[in-house]
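Quick one: this structure, given as structure tokens, is what I'll be asking you about.
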Amino acid sequence: MQRISEQEIEAAIQNMQLGKSPGPDGLTSGYYKSLKEWLIQPLREVCNEILEGKKAPESWKEAYISLIPKSETEKTQLKNYRPISLLNVDYKIFADILAKRFKRVLMEKIHRDQAGFLPKRHLADNVRNVIDILEKLEVNINTKAVLIFVDAEKAFDNISWSFMRKNLHGMGVGQGFENGMAAIYSEQKAKLIVNNVVTEELKIEKGTRQGCPISPLLFISVLEVLLNMIRNDQQIKGVQVGAKHYKLRAFADDLVLTLQEPNTSTKKALEIIQQFGQVAGFKLNKQKTKVLGKNLTDMEKEKFQEETGLTVVKKVKYLGVYLTSKNLNLYKDNYEKCWSEIKRDLEIWSNLKLSMLGRIAVIKMNVLPRMLFLFQTLQILDKMECFKRWQKDISRFVWQGKKPRIKFKILTDAKERGGFALPDLKLYYEAAAFCWLKEWMLLENTDILDLEGFNNVFGWHAYLWYDKTKQHSAFKNHIVRKALFNVWMRYKDLLENKTPRWVSPVEAKAVKKLNMEVGWPKYWEILEQDGDKWKLQSYDKLKDKVQNWLQYYQVMELFKQDRKIGFQVDKSKLEIELLEPNTKNLSRMYNLLLKWNTQDETVKSAMIKWAQDIGHDIMFADWEQLWTTGVKFTACNALRENIMKMIYRWYMTPVKLAKIYHLPDNKCWKCKETEGTFYHLWWTCPKIKAFWEMIYNEIKKVLKCTFSKKPEAFLLGIVGQLVTKRDRTFFMYATTAARILIAKYWKTQDLPTLEEWQMKVMDYMTLAEMTGRIRDQRKETVEEEWRKFKSYLKDYYKLNEC
């Protein structure tokens, strides 16, 4: 095995998250990040000595074990707690390096049925597989089948070390890796933390430590032995599509078996599990193992239960999703249940005194993750009415039951475009749908495509691009296909207004088989340029890519049809954001859909009104500067919110109130003379003018320089080159303090005093220090930003004392 390099150790330290609980030695990841220049070399020496066969440090064998209760279980039962090992960071650095190397081996060794802990594999694929199987069995009513959701007793904690080491040797991981595992998986000891009390030391002789970076990879490498035994056993019959048998899906220890010929297949599978358990330490928990029966009579279910000892149930929770034998219940059991819980939470949170940005943060941190999980695992929504209801509930929470003062599109727009980044659930659902549609477009994952298209009449691209659903309406008699196709049709013309490069006319025209081939040629591979036009390559060039001359002429007919609307020469946005990248597909697609959805709000009405009030245009670049960097002068949401409220002219004025409530008086609350428009109350009212003049003069005293008194700087924070970059942060705090004080006396004739403004800015000085700590700024930087104000305060109070 290759020796561990300094670069690997540095990368492992860099990837360590701050704020995690340390191990028994008390040294945090922050300690290693701060001192990495001095620690990398000794760590490298120790790690390489272990790979050569030497012993690991004694401290690496130690751990504190914290017991975390499992959700929705009885807390008085010890078996319902998950033991998490708190390990020393130097040990985790070593384990993290080995884990990265081990992943490269496992990507080749572990079947795609196992979706846990490996790159490009997703939990959602397992749920998708189960739903597709249930859809197939719903059509093939004569096929009797069971779905067995296997539960293992303390799966991670019972794995035999000797079996694990022999399995690693059999996989050919190399002597160095075996030495590393032998060093850290021998003579382990731990102390339990129970109610903040540390117990006596315990010896550990089996299991993988939950909390160790390599633990889940070791577990799935061991479990793969069992899964291969099930896959290769001819007596176990999986759900069949052509030559393929869909027998199982796993996410770490969450295993589901999908079996035809229920009784014989299940008994054989249980026998294999028992044999495996005797040598590997894997033990089936029959009480918690649940079964969904499909196309079984009541008598057949009873017989199955008697012969296998397993329980057939009506509903089961698998990977966080509630499943029944009929997919029609998925919406009610998951989406409706989840939203009813969210609504209850929103009612409770409504009683908290949160700012508007605080309430939006609640939606982002508490509501979005729960719904996003369902969007990624359950693409089953064919109608969009539910999103209107959810949006209404969110709007009621954000606006506290009052009438919205800002358009929903502006609320959902990205912050860098002047929005509030409130999640748009409909767009998130559609972005997740495109992550599923990616499989239909690329035509690579034939396991999903064969199962999902078990009764398709045409190729996938025939439905996607050539709209063959008109000839085969049954395509949409499938809960997943219908939902995904509806999303695609909503965006098809927007995303691809010309024939896409990724379309395969060959696949679209090929005779549909139960098991798909791979390597379908796309348009970008079979077209060639002829002057300014595109033409199909000759039959001689394409004879290896088409079945025969007849198919070639069929493809030629499609080419002539597609030529009418033209071909996409360069990569489309869909290719760039979805088809090419392997990471962050969801966020990429959401941002793309959001940009299109809010493009009519690029020049917002509030921006036009500000230009009219001030008397000159504010450059769009200045607005962008405010949104991207200007509002980030502080980490305090209340101060940021004030700027956003000013941008969107949030505050109710006498003119607006008189119009809404048909009041006779629309005069300014301060001067009682002129119409109380927004701009008048904030800038042109004589009394307000005098207040701003006072603030302007005080800021000049602080900064010891003169500058123009521009309304966009004082009211919006569009500072530009008005003050130096070094003084900009103080200017933003000082003007924000003035605006917040004006808002405090909004409907009165009173005005804030100079002392109130000074006290407010002094309060903000503390906020600035907190912002600096949050952002890991040097203390000297923050002090320099406020040095002039501190000097000003000393001079001011000396003068007053005199």
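Using the Karplus curve 6.51 cos²θ - 1.76 cosθ + 1.60 with θ = phi - 60°, what ³J(HN,Hα) values do you get for each residue of segment 352-368, in whole Hz, with x for Gly and Pro?
My calculation for segment 352-368 gives 7, 7, 10, 6, 4, 5, x, 5, 5, 4, 4, 4, 5, 8, 10, 8, 4 Hz in order.
Could you tell me which of rounded, prolate or oblate describes segment 698-802, using a ≥ b ≥ c as the square roots of the eigenvalues of the alpha-carbon gyration tensor, with rounded for a/c under 1.5 and, failing that, prolate when a/b is larger than b/c and oblate otherwise? All intermediate terms of the calculation are to be shown ahead of the outcome.
Numbers: a/c = 1.37, a/b = 1.20, b/c = 1.14.
Rounded is the answer for segment 698-802, as its axis ratio a/c remains below 1.5.
Here's a follow-up. How about Lys268: which lysines have a C-alpha closer than 22 Å to its C-alpha, ignoring those fewer than 8 places off in the same chain?
Lys144, Lys237, Lys244, Lys247, Lys283, Lys286, Lys288, Lys290, Lys294, Lys301, Lys303
A further question follows. Per q in 0.14, 0.17, 0.22, 0.24 1/Å, what log10 I(q)/I(0) does a Debye calculation on the alpha-carbon atoms of segment 18-127 return?
Scattering profile of segment 18-127, log10 relative to I(0): -0.85, -1.07, -1.17, -1.21.
Enumerate the aspartates and glutamates that Lys689 could reach by cross-link, defined here as Cα to Cα under 19 Å, with residues fewer than 8 away along the same chain left out.
In chain and number order, the partners are Asp613, Glu673, Glu675, Glu698, Glu712, Asp750, Glu755, Glu756.
Pull out a ≥ b ≥ c, the square roots of the eigenvalues of the alpha-carbon gyration tensor of segment 453-585, then state rounded if a/c is under 1.5, prolate if not and a/b is larger than b/c, and oblate in the remaining case. Can you show the working numbers first?
Working: a/c = 1.69, a/b = 1.20, b/c = 1.41.
Here segment 453-585 falls in the oblate category.
Quick one: which residues, 5 or more positions from Lys237 or on another chain, have an amide H under 5 Å from its amide H? H modelled 1.01 Å from N in the peptide plane, none for Pro or chain starts.
Placed amide hydrogens put Gln260, Ser265 under 5 Å from Lys237.
Shifting gears a bit: Please state the shape class of segment 329-408: rounded when a/c is under 1.5, otherwise prolate if a/b exceeds b/c and oblate if not, all from the C-alpha gyration tensor.
Numbers: a/c = 2.12, a/b = 1.72, b/c = 1.23.
In terms of gyration-tensor shape, prolate.
Suppose the Debye formula is applied to equal point scatterers at every Cα of the chain; what is log10 I(q)/I(0) at q = 0.05, 0.06 Å⁻¹?
-0.39, -0.55
When the accessible area of the chain is computed with all protein chains present and a 1.4 Å probe, what percentage of it is carbon and sulfur?
Within the chain, the accessible surface is 51 percent carbon and sulfur.
Okay, next question. Please find the FRET efficiency linking Val313 to Glu557, where r is the Cβ-Cβ separation and R0 is fixed at 56 Å, and quote it to the nearest 0.05.
Values: r = 52 Å, r/R0 = 0.94.
Here the calculated transfer efficiency is 0.60.
Something else about it: Could you state the accessible area per residue of the chain in Å², with a 1.4 Å probe and every protein chain left in place? List each step's numbers first, then the result.
Details: 39050 Å² over 802 residues.
Accessible area per residue: 49 Å².
A further question on this structure: Rg and Dmax in Å for segment 604-797, alpha carbons only: what are they?
Spelled out, the Cα radius of gyration and Dmax of segment 604-797 are 17.1, 56 Å.
Quick one: go through segment 646-668 and flag any residue whose amide nitrogen is under 20 Å from the point 7 Å out along the Cα-to-Cβ line of Thr748.
The answer is 651-654, 667-668, whose backbone nitrogens lie closer than 20 Å to the label point.
Based on the Cβ-Cβ distance from Gln234 to Glu769, what FRET efficiency comes out when R0 is 51 Å, to the nearest 0.05?
My answer for the efficiency is 0.10.
Give, as ranges by residue number, the residues of segment 648-666 whose backbone N falls under 12 Å from the point 7 Å along Cα→Cβ of Lys609.
Residues passing the 12 Å test: 648-657.
Length gain on complete extension for the stretch Asn15 to Asp622, per 0.36 nm per residue less the alpha carbon to alpha carbon distance?
That pair, Asn15 and Asp622, stretches by 214.9 nm at full extension.
Going through the cross-link list Lys337/Lys388; Lys100/Lys522; Lys20/Lys438; Lys326/Lys595, which pairs have a Cα-Cα distance over 27 Å in this structure?
Numbers: Lys337/Lys388 17 Å; Lys100/Lys522 34 Å; Lys20/Lys438 36 Å; Lys326/Lys595 37 Å.
Too far apart for the 27 Å limit: Lys100/Lys522; Lys20/Lys438; Lys326/Lys595.
Return the subset of Lys103/Lys482; Lys402/Lys604; Lys109/Lys332; Lys120/Lys482 for which the Cα-Cα distance in this structure is over 27 Å, preserving the input order.
Too far apart for the 27 Å limit: Lys103/Lys482; Lys109/Lys332.
The values are calculated or read from the model by the stated rules, or taken from the named source; none is laboratory data. Bear in mind the structure is a predicted one, so any value in this text is a computation, not a measurement. Please note: Cβ atoms are built from the backbone with ideal geometry, for glycine as well, and neighbour counts cover all protein chains shown. In case anyone asks, the SASA skips ligands and DNA or RNA and just uses the protein heavy atoms, side chains included. Shrake-Rupley method; radii C 1.70, N 1.55, O 1.52, S 1.80 Å.
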